[in-house]
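I have placed the structure first, in the form of structure tokens, so that the comments after it can refer back to it.
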Amino acid sequence: MCVGYQMALDGWPRAGGLLILQICLGLRPGELLAIRREDVVPGRPGLHNGNAVVALGRRFGTKAGRPQFVIVHAGEDSAAMALVSAFAATTPPGAPLSSLDYSQYSRCMVYATRKWGVASIGYSPHSPRAGWATQLRLSGVPFSGIQERGRWQTASALRIYLDAVAASTTLLHKTHSLIEFAQWIEADFVGRFPWWRQAPSA
């Protein structure tokens with residue numbers, strides 16, 4: 001959350017929004033950067049029970065070899081709901097949610113982690129997905145539930161993600177300022193995130 005917020009402050013608000021959306025939904029970086037305007041359906045009363053929907057791989061498929069989707073549940077994740085609505089409202093038809101490619105997205109993250117003094121952890125575009133899965137597991141979500149929600153084809157593939165991020169839990173205990181700042185953002189995400197006002201770019 002803090003890294004995405006910093007990316008927005010550094011002049012990449014859409015990329016920062018994408019990072020936070022990735023953190024909220026556990027998306028693969030390739031899926032995230034391929035999302036286009038038509039893949040995003042904001043939550044509306046009376047439509048999908050008010051839930052938002054993000055389609056993945058409609059043009060080129062996903063790692064599973066077919067299009068997939070994730071649901072943003074109304075009332076459960078206000079940050080993700082706000083981001084889906086903002087991307088839908090500011091992205092022209094047919095355009096990607098951001099013009100950044102993988103290396104540019106990664107570079108924005110590196111700059112932001114340096115500002116927070118945590119660049120040594122090696123935060124990468126895959127880190128939000130690993131963190132998402134680990135947080136669910138630490139919260140008591142069953143392994144099989146995480147595998148289904150995260151769309152991992154095998155249990156062994158998910159275990160790699162959980163094991164790869166386990167070492168960073170030590171860091172989390174040392175960076176209370178990061179945790180506190182993330183909680184501050186989440187308490188009023190709509191009011192505190194540095195929103196963009198332009199068409200797709202960074």
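Here Cys108 passes the criteria (1) touching a Lys or Arg at 6+ places or on another chain (Cβ under 6 Å); (2) open to solvent by less than 70 Å² (accessible area, probe 1.4 Å) except the one numbered (1). Among residues of region 27-50 being under 22 Å from Ala157 (Cα atoms) and open to solvent by less than 20 Å² (accessible area, probe 1.4 Å), the one that is nearest to the chain's Cα centre (by Cα) is Leu27. Within region 17-26, does at least one residue satisfy the condition of being of a type outside the set (Lys, Arg), within 17 Å of the chain's Cα centre (by Cα), surrounded by fewer than 24 Cβ atoms within 10 Å (Cβ to Cβ) and part of a loop (DSSP other than H, G, I, E, B)? Yes, some residue in region 17-26 is of a type outside the set (Lys, Arg), within 17 Å of the chain's Cα centre (by Cα), surrounded by fewer than 24 Cβ atoms within 10 Å (Cβ to Cβ) and part of a loop (DSSP other than H, G, I, E, B). One residue stands out in region 145-197 among those that are modelled with pLDDT under 70 and open to solvent by less than 70 Å² (accessible area, probe 1.4 Å): the one that is nearest to Trp116 (Cα to Cα), namely Thr175. For region 4-16, which residues satisfy the criterion of being part of a helix (DSSP H, G or I) and open to solvent by 20 Å² or more (accessible area, probe 1.4 Å)? Of everything in region 4-16, those that are part of a helix (DSSP H, G or I) and open to solvent by 20 Å² or more (accessible area, probe 1.4 Å) turn out to be Tyr5, Gln6, Leu9. The set of residues in region 59-80 that are more than 28 Å from Gln183 (Cβ to Cβ), at pLDDT 70 or above and open to solvent by 90 Å² or more (accessible area, probe 1.4 Å) contains only Phe69.
The values are calculated or read from the model by the stated rules, or taken from the named source; none is laboratory data. As the structure is a computational prediction, the values presented were derived from the model and not from experiment. Heads up, the Cβs are rebuilt from the backbone with ideal geometry, glycines too, and the neighbour counts pull from every protein chain shown. Each accessible area value is taken on the protein alone, full model and side chains, heavy atoms only, with ligands, DNA and RNA left out. Shrake-Rupley method; radii C 1.70, N 1.55, O 1.52, S 1.80 Å.
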